[in-house]
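Some notes on the structure that comes next.
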Amino acid sequence: MKVLFASIAALSMALTTPAQAGEVPGGNEVTFGIVPQQSASRLARMWGPFLEELSQQTGTTFRFRTTKDIPTFEACLAAGAFDYAYMNPMHYAIFSSEASYRAIAHQEGKRLKGVMVARVDSEFSEIASLDGQNIAFPSPGAFGASILNRASLQRVNVSYTPSYVKSHDSVYRAVAAGLMAAGGGVTRTWNALDPDVRAQLQIIHETEGFTPHAIAVHEGIDPAQIDKVQAALLSMPASHPDLVKGIGMKGFVAAADSDWDDVRALGMDREETGIKHEGDIACPSG
């Protein structure tokens, strides 16, 4: 497993030049973990320029980090492996207390919704028609793509066989290829999907909306640095809208821990979420 992780980490860094990685001469260096909703190579292309500008504005070098899949990312959050992290709402609800992460921002004007997709030429036009089918999800703990969609299927008493395929893009491609009857994603990754793949699919269900992913910081980071980072995040949409658009967003707002009380109110225990929190996992370092 360590060899596999090392290859992913090497890929992530190989896709960024020193400038793209956010190199700031003489600055502090921290890690920024990104939940792997998409491939490591695609995430590096999306987030590298954004983190470079964040580094320049704050005087802190941000190192892009991700993992081979969402369960590994969850285990790394549990270990406090990232200084800053972009994590899903259920991750934040859990690891804000278990691993001392504190939210500083989230996407502006956004409610996170899960979507269920099927091929446009399939017989599946609503989730009730999926009884007995194979359905793809990124991972058990993917909040919108898996947790919310599984809850929707449960409410209509649909029996199905889940397949966990590591990323949102893998879900969409598996359904487009006819390998799965349907699959779960979220509106942001659906909108960012390759148009050729999206043209083969249709949304057959959308869940209710929740507070979106958190950008959070681990305990022990200098409060003065955190203030600079938060201020830079909030100003980025006006100063560099192209970079914000590049990560699939329009803007940010300052966050409070209570913003994710809607997620906590779901009352899901650890077993129900499927979120990993322990194990011998090799996590990225600075």
Item to check | Top-ranked residue in the range 81-110 [being touching a residue at least 24 places away in the same chain (Cβ under 8 Å) and out of contact with any helix residue (DSSP H, G or I) (no Cβ under 9 Å at 6 or more places or on another chain); ranked as farthest from LEU233 (Cα to Cα)] | outcome: SER100
Item to check | All positions within the range 174-193 that are more than 18 Å from the chain's Cα centre (by Cα) and without any contact (Cβ under 8 Å) to a residue 40 or more places away in the chain | outcome: ALA174, ALA177
Next on the checklist: So, ILE127, is that one under 25 Å from MET90 (Cα atoms), at pLDDT 95 or above, out of contact with any Cys (no Cβ under 7 Å at 6 or more places or on another chain) and not assigned by TED's automatic domain parsing to the domain that holds GLN38 or not?
Outcome noted: yes
Item to check | Count of the range 155-173 residues which are surrounded by fewer than 17 Cβ atoms within 10 Å (Cβ to Cβ) and either aliphatic (A, V, I, L, M) or in contact with a Cys (Cβ under 7 Å, 6 or more places away or on another chain) (or both) | outcome: 1
Checklist entry - Quick check: anything in the range 220-236 in a strand (DSSP E or B), over 18 Å from the mean Cα position of the chain (by Cα), among the polar types (S, T, N, Q) and at pLDDT 95 or above? => result no
Next on the checklist: Between ALA192, ALA177, which is over 21 Å from PRO212 (Cα atoms) and not aromatic (Phe, Trp, Tyr)?
Outcome noted: ALA177
Checklist entry - Of PHE62, PHE95, which residue is surrounded by 20 or more Cβ atoms within 10 Å (Cβ to Cβ), in contact with a Leu (Cβ under 6 Å, 6 or more places away or on another chain) and over 22 Å from GLY209 (Cα atoms)? => result PHE62
Checklist entry - Given (1) under 25 Å from PRO140 (Cβ atoms); (2) in contact (Cβ under 8 Å) with a residue 12 or more places away in the chain, where does ASP261 come up short, assuming only one miss? => result (2)
Item to check | So PHE137, is it more than 14 Å from ALA216 (Cβ to Cβ) and either of a type in the set (Lys, Arg) or crowded, with 23+ Cβ neighbours inside 10 Å (or both) | outcome: yes
Checklist entry - So which residues in the range 179-215 are closer than 17 Å to SER122 by Cα, assigned to a strand (DSSP E or B) and touching a Leu at 6+ places or on another chain (Cβ under 7 Å)? => result ALA182
Next on the checklist: Name the residue that is modelled with the lowest pLDDT, counting only residues in the range 255-286 that are surrounded by 14 or more Cβ atoms within 10 Å (Cβ to Cβ) and within 15 Å of THR211 (Cα to Cα).
Outcome noted: LEU266
Next on the checklist: Given the condition farther than 30 Å from ALA103 by Cα, basic (Lys, Arg) and at pLDDT 95 or above, answer yes or no: does some residue in the range 141-159 qualify?
Outcome noted: no
Checklist outcome for this item: Given (1) over 12 Å from the mean Cα position of the chain (by Cα); (2) farther than 21 Å from ALA40 by Cα, GLY80 misses just (2)
Next on the checklist: Which residue is modelled with the lowest pLDDT, if the candidates are limited to the range 63-93 and must be part of a loop (DSSP other than H, G, I, E, B) and hydroxyl-bearing (Ser, Thr, Tyr)?
Outcome noted: THR67
Item to check | Residues being surrounded by 21 or more Cβ atoms within 10 Å (Cβ to Cβ) and farther than 20 Å from PRO223 by Cα - total across the range 78-92 | outcome: 5
Checklist outcome for this item: The residue that is surrounded by the most Cβ atoms within 10 Å (Cβ to Cβ), considering only those in the range 36-59 that are over 14 Å from ALA232 (Cβ atoms) and among the polar types (S, T, N, Q), is GLN37
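The values are calculated or read from the model by the stated rules, or taken from the named source; none is laboratory data. Computed from a predicted structure; not experimentally measured. Don't worry about glycine lacking a Cβ; one is built from the backbone with ideal geometry, like all the others, and counts go over all protein chains shown.
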